[in-house]
Amino acid sequence: MSDLRDVDRRTFLGLSVLMVGNTAAGLLKPDAGHWLRIVRTRSTHPFLYVSRGEHATAQSIDRLSRSIQSGHAKKLWDSIREEATADLDAPLIMPDSPIEGRSPATIAQRNLDFYVCNAAGQRIKRQAMVYLLTGDYTYCSSAVEQIEAILDQDRWPDWIDQAHIRFGHPAGLRTGMLANDIGLAYDWLYHGLTPGERNHIAKRLDDRGIEPFRISLTQDPWWMRDLNNWTTTIVGGVAVAAMAIEDRIPDAPGIIDLASKTFERYLQIYGRSGEFNESPAYANATVRPVAFFRAVDDWRGNRSDAGGRLANHPFPDTATWLRYMTLPSGHTAAFGDSHVDALPWTKHLAAIAAAANDPVLQDFYLANARGGDAEELAWFDPALDPKTPTGMLPLGRHFPDQGGCFSVRGSWDSDHPQICVYGKTGREENHEHNDAGQICIDVGKERMIVDPGSPSSYPEDFFDEGRWAYYNASIIGHNVVQVGGLEQRVPDWERGDGPPEGIASITGHMVDSEFSDEWGGRLLMDTTRAYVGADRVRRAVIVLHSGIVAVLDEVQLPEAAPIVLRWHTIDRAAVTADGSFVVRGERAALACRVVAVSGTPIPGFARREHSYAPPYDRARTGELLEARNESYVEVAGRGGSVKWLSVFASVRDGSDASRWDVSGGVASIVRDGRTAAVSFDGETLRVSEGAIEQAQPIG
């Protein structure tokens, strides 16, 4: 009877105590009928992403085994098997393992950072997948050895990043990551495990991954309210673990039901056109809801329609948004918190393309796929033929919600020489910078006018009061106008308040835009609301596919104040007294000039470099931040009303002969025997080259 009472108490904890806290209340209602409809007690594994053929939604092992004989599936498989084989002779991954990307301080502190947890999780999943497809018990044994190490409290301490202990909740990002990966591995390895190994892994997974989640829910954790990648990583990871060991924990249906409701609420953060609520680099976080919904479809054993949840908004839309934010170089637009040299994660695009049966998304996935990933192999549909976006997607587009991102390029062919201009009108809800109005320019596959991205590592106070003291997040680190030496407006928001509200009232928006595959794009941004004490701040832009860009900045203030415009360059471009500078890459170059077209002449131009100053110069590990000394051209003046025109032209070489000439209010440049001209008559920005002429009124 005591055992039965314990089970009853545990069931009550799982199915009703989960409601404790402002967020959990209402998400998980005691609807026993619903739980009975969705619960599945399995007599066999695997059933998550891969099955033995009996399951309605997961890919069968037989079909997967056939697919890896050729094409992209074979490339994925070869990579997975090669790494899994290398794992057999490699030492176990431990908290102090020197994984690529880890700092010496993190290794010395044995901190469970992203890199070590991701490496360990990938290892056990690829070994489990190789075991599943080959039946070779050697890989199962190796995976179990790594799993046992992770589950061992002495060898792998609490599953939480030391930087996150301050939140006071036993569950964190690492809890969700490790629970998810061990849960999947358990499901795939099931028939290679002894009954004792199954019992031990399931119990320790419950103790170390799911129990901290239960406790955290009773504390009303902020990550259940703020709806960001913490929410999806923790809730989704624990839910996948609960699916895997559902027959061993009575509250599994309640956990999965709570996760389903949380994820549906989370999806509301995506914009109408799929815009993500964090910087494009953090849109990689979409992999979490993709993984969850694929898993929960398999767990339920049925789908609401042919493609399941992933076939519907926001998933195909956000994949398309990410495609526009992925540059010809293959890198993601470096807005907000980002590493400028990072490639986008695309494995989840395989699942979205398959669910939506979308050949254009399949093309995007295949163009950016790299390496091998066990989940990716299970999600990829080799029967879906890719189709280029040429003629299917316009070359330019603005996405109005969240950061208000836009991009315009000359071709979807990344090998085609082209200019690519991308920017944003507003600010995101998370991982955002003071960069409303930002514009960057690439020529070919090279960055020219750039965004510095994130510091080399996050400082301790980067997400608190010190954020704007770091130039990376500050207005000074972006290609926008600064007024009165002040930052842009930021939301009055604290962690745990839920998604920030009222951002539209303190940031920019698009007034007018037009994009053409024939000639380029034009747009007008109004960022007045992002500035303190400004009557009007507008930015008009015209882009020609031939490589001409014109940017007009208009500022009107109630009284004279310092006004500064910065253009960050990939090199250390020197600016002349008349505002001319040439940005040089390895193969391309950009001829640039800034002039005043209204008000007093610009009194000063200078080349400057960013730096960190104490106490804002250290990572949260205590190490000094990498001193990159990013270079920028500074345009400085003072006034109550200014109109500054910046003009850019891609040129074949970086010679100073490729210069903009200004005469009679017209800026012109000659390239390949053709003259491009830019003018502003006080009301309208005009750009012409050959037979093309475009105009953008500033209103």
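The values are calculated or read from the model by the stated rules, or taken from the named source; none is laboratory data. Note that the structure is predicted; figures quoted are calculated from it, not measured. In this analysis, Cβ positions are derived from the backbone assuming ideal geometry, glycine residues included, and neighbour counts consider all displayed protein chains.
Structure summary
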read-out: Matching residues in the stretch 202-258 - criterion: being outside any helix (DSSP H, G or I) and either under 27 Å from THR44 (Cα atoms) or in the same structural domain as PRO491 (by TED's automatic domain parsing) (or both); value: ILE245, ILE249, PRO250, ASP251
read-out: Extreme residue, surrounded by the fewest Cβ atoms within 10 Å (Cβ to Cβ), among residues of the stretch 86-106 that are among the hydrophobic types (A, V, I, L, M, F, W, C) and closer than 18 Å to GLN146 by Cβ; value: ALA86
read-out: Selection within the stretch 603-659 - hydrophobic (A, V, I, L, M, F, W, C), more than 24 Å from GLY484 (Cα to Cα), out of contact with any Asp or Glu (no Cβ under 6 Å at 6 or more places or on another chain) and in contact (Cβ under 8 Å) with a residue 24 or more places away in the chain; value: ALA619, VAL647, PHE648, ALA649, VAL651
read-out: Qualifying position, being farther than 30 Å from TYR470 by Cα, more than 17 Å from the chain's Cα centre (by Cα) and either in the same structural domain as ALA619 (by TED's automatic domain parsing) or not hydroxyl-bearing (Ser, Thr, Tyr) (or both), among ALA369, ALA355, ALA350; value: ALA355
read-out: Test: residue in the stretch 539-554 that is aliphatic (A, V, I, L, M), more than 14 Å from VAL647 (Cα to Cα) and touching a residue at least 24 places away in the same chain (Cβ under 8 Å); value: no
read-out: Search result, residues across the stretch 674-699 that are surrounded by 13 or more Cβ atoms within 10 Å (Cβ to Cβ) and either assigned to a loop (DSSP other than H, G, I, E, B) or among the aromatic types (Phe, Trp, Tyr) (or both); value: PHE680, ILE698, GLY699
read-out: Hits in the stretch 609-666 (condition: more than 34 Å from the chain's Cα centre (by Cα), of a type in the set (Lys, Arg) and under 14 Å from VAL583 (Cα atoms)); value: ARG659
read-out: Qualifying residues in the stretch 472-520 (those that are of a type in the set (Asp, Glu) and not in a strand (DSSP E or B)) - the one surrounded by the fewest Cβ atoms within 10 Å (Cβ to Cβ); value: GLU518
read-out: Listing of helices (runs of 4 or more DSSP H) fully contained in the stretch 92-186 that carry 2 or more residues being under 23 Å from PRO289 (Cβ atoms) and in contact with a Phe, Trp or Tyr (Cβ under 8 Å, 6 or more places away or on another chain); value: 114-134
read-out: Among the residues listed as ALA606, ALA636, the single one being of a type in the set (A, V, I, L, M), farther than 30 Å from GLU689 by Cβ, at pLDDT 95 or above and loosely packed, with under 15 Cβ neighbours inside 10 Å; value: ALA606
read-out: Among the residues listed as ARG652, ARG671, ARG659, the single one being crowded, with 18+ Cβ neighbours inside 10 Å, on the phi < 0 side of the Ramachandran plot and charged (D, E, K, R); value: ARG659
read-out: Answer from ALA353, ALA436, ALA374 - the residue that is farther than 30 Å from VAL130 by Cβ and modelled with pLDDT of 95 or more; value: ALA436
read-out: Answer from THR134, THR106, THR175 - the residue that is at pLDDT below 95 and on the phi < 0 side of the Ramachandran plot; value: THR106
read-out: The stretch 521-543, subset in contact with a helix residue (DSSP H, G or I) (Cβ under 9 Å, 6 or more places away or on another chain) and surrounded by fewer than 23 Cβ atoms within 10 Å (Cβ to Cβ), residue farthest from GLU446 (Cα to Cα); value: ASP535
read-out: Check on LEU76, in the same structural domain as VAL144 (by TED's automatic domain parsing), assigned to a helix (DSSP H, G or I) and modelled with pLDDT of 95 or more; value: yes
read-out: Single residue of the stretch 333-375 satisfying the filter (among the acidic types (Asp, Glu) and in a helix (DSSP H, G or I)) that is farthest from LEU393 (Cα to Cα); value: GLU375
read-out: The stretch 564-581: number of residues that are within 32 Å of the chain's Cα centre (by Cα) and over 20 Å from CYS440 (Cα atoms); value: 0
read-out: Among (1) buried (at least 24 other Cβ atoms within 10 Å of the Cβ); (2) closer than 24 Å to THR175 by Cβ; (3) touching a residue at least 60 places away in the same chain (Cβ under 8 Å) - the single one LEU132 does not satisfy; value: (2)
read-out: Residue among ALA530, ALA534, ALA469 that is touching a residue at least 60 places away in the same chain (Cβ under 8 Å) and more than 30 Å from THR621 (Cβ to Cβ); value: ALA530
read-out: Verdict on GLU275 being buried (at least 24 other Cβ atoms within 10 Å of the Cβ) and acidic (Asp, Glu); value: yes
read-out: Strands (runs of 3 or more DSSP E) (entirely within the stretch 384-465) containing at least 2 residues that are of a type in the set (D, E, K, R) and in contact (Cβ under 8 Å) with a residue 60 or more places away in the chain; value: 446-449
read-out: Where PRO601 falls short, out of the listed (1) touching a strand residue (DSSP E or B) at 6+ places or on another chain (Cβ under 7 Å); (2) within 21 Å of ALA667 (Cα to Cα); value: (1)
read-out: Flag for SER546 being surrounded by 17 or more Cβ atoms within 10 Å (Cβ to Cβ), part of a strand (DSSP E or B) and among the polar types (S, T, N, Q); value: no
read-out: Neighbours by Cβ (under 6 Å, 6+ apart or cross-chain): first from the stretch 39-61, closer than 15 Å to PHE293 by Cα and modelled with pLDDT of 70 or more; second of a type in the set (S, T, N, Q) and surrounded by 17 or more Cβ atoms within 10 Å (Cβ to Cβ); value: VAL50/GLN59; ALA58/SER51
read-out: Odd one out for TYR190, checked against (1) aromatic (Phe, Trp, Tyr); (2) in contact (Cβ under 8 Å) with a residue 60 or more places away in the chain; (3) touching a Phe, Trp or Tyr at 6+ places or on another chain (Cβ under 6 Å); value: (3)
read-out: Search result, residues across the stretch 496-517 that are without any contact (Cβ under 8 Å) to a residue 12 or more places away in the chain and either charged (D, E, K, R) or over 30 Å from ARG265 (Cα atoms) (or both); value: GLU501, GLU514
read-out: Number of the condition not met by ARG66 [criteria: (1) closer than 15 Å to GLY372 by Cβ; (2) without any contact (Cβ under 8 Å) to a residue 12 or more places away in the chain]; value: (1)
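Rundown of residues vs (1) among the polar types (S, T, N, Q); (2) buried (at least 22 other Cβ atoms within 10 Å of the Cβ), yes/no style:
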site: VAL360; (1), (2): no, no
site: ARG370; (1), (2): no, no
site: GLU376; (1), (2): no, yes
site: TRP379; (1), (2): no, yes
site: ALA383; (1), (2): no, no
site: LYS387; (1), (2): no, no
site: LEU393; (1), (2): no, no
site: GLY396; (1), (2): no, yes
site: GLN402; (1), (2): yes, yes
